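**Q** I'd like to ask you about the structure that follows.
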Amino acid sequence: MSVKSFFRVRFYETDEMGVVHHSNYIRWFEVGRVDFLRSVGITLDELMNDGILFPITQVSAKYLLPAKFDDELELETIPVALTKFKMEFEYKVRRKGEEKILTEGFSQNVFTNMKTGKISALPEKFLSRLIQKSSEELQK
């Protein structure tokens, strides 16, 4: 199960040449993760109200082709590992309606107790939603 997010490149996300600055892709990956969680019925507010954070422990991007000001983009967020302790995603950024990949990415998050700052298991009420709705795709 992958989730697609759509948006238009804003002027402030570009450099002097009208090309998207590399740092924006990392921000967009976060949009993809939040959209993915929302698609399985988990909100950030709900996690944080239960004292759970999920900081990034790894993130990378491979820039293949530039995105430019006013491009309509499609971000595909693909889960590659969802466990009670971590989430890993791959990302693909394309111009809307095109097959060519502009940027590929990866991120890993670990579930952390907000009070202690230590890695902790995701409570079952969240884990079941996370795993149930996406496990079929991970097995493909």
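The values are calculated or read from the model by the stated rules, or taken from the named source; none is laboratory data. Not measured: the values here are computed from a predicted model. Note: ideal-geometry Cβ built from the backbone for every residue, glycine included; neighbour counts use all protein chains shown. We work out accessible area using only protein heavy atoms, side chains counted, and drop any ligands, DNA or RNA first. Shrake-Rupley method; radii C 1.70, N 1.55, O 1.52, S 1.80 Å.
**Q** Would you work out if the stretch 57-119 is rounded, prolate or oblate? Take a ≥ b ≥ c from the square roots of the eigenvalues of the alpha-carbon gyration tensor; rounded if a/c is under 1.5, else prolate when a/b is larger than b/c, oblate otherwise.
**A** Details: a/c = 3.07, a/b = 2.59, b/c = 1.19.
Judged from the Cα gyration tensor, the stretch 57-119 comes out prolate (a/c at least 1.5, a/b above b/c).
**Q** Starting from the Cα-Cα distance between Phe7 and Ser128, subtract it from 0.36 nm times their residue separation and give me the gain in nm to one decimal.
**A** On the way: separation 121, 0.36 × 121 = 43.56 nm, distance 2.98 nm.
Fully extending the segment from Phe7 to Ser128 adds 40.6 nm.
**Q** Let me ask something additional. Show me, for the stretch 69-78, the HN-Hα J-couplings you get by feeding each phi into the Karplus relation (A = 6.51, B = -1.76, C = 1.60, θ = phi - 60°), rounded to Hz, glycine and proline as x.
**A** 3, 6, 4, 8, 10, 10, 10, 9, 10, 10
**Q** If contacts are Cα pairs under 8 angstrom and at least 6 residues apart, what is the relative contact order of the stretch 40-94 in percent? Please report the intermediate quantities before stating the final value.
**A** On the way: 31 pairs, mean separation 12.7, N = 55.
Averaging sequence separation for qualifying contacts and normalising by length gives 23 percent for the stretch 40-94.
**Q** If you wrap the chain's Cα atoms in a convex hull and average its projection over all directions, what's the area in nm²? Working shown, then result.
**A** Working: hull surface 35.1 nm².
Directional mean of the projected Cα hull area for the chain stands at 8.8 nm².
**Q** Please compute the modelled spin-label separation between Lys115 and Met48, points set 7 Å along Cα→Cβ, answer in nm with one decimal.
**A** 1.9 nm
**Q** Leaving out ligands and nucleic acids, and using a 1.4 Å probe, what accessible area per residue does the stretch 1-54 come to in Å²?
**A** Details: 3050 Å² over 54 residues.
Here the residues of the stretch 1-54 average 57 Å² of exposed surface.
**Q** On the protein heavy atoms, probe 1.4 angstrom, tell me the percent of accessible surface of the chain carried by carbon and sulfur. The partial results should precede the final answer.
**A** On the way: 4240 of 8030 Å².
Here carbon and sulfur together make up 53 percent of the probe-accessible area.
**Q** Under 8 Å for C-alpha pairs, at least 6 residues apart: give me the relative contact order for the stretch 1-49, rounded to a whole percent. Mind dumping the intermediate values first?
**A** On the way: 20 pairs, mean separation 18.1, N = 49.
Reported as a whole number, the value is 37 percent.
**Q** Then there's this: Take every Cα pair under 8 Å in the stretch 20-137 that's 6+ residues apart, average their separations, divide by the length, and report that relative contact order as a whole percent.
**A** Details: 193 pairs, mean separation 33.7, N = 118.
Value for the stretch 20-137: 29 percent.
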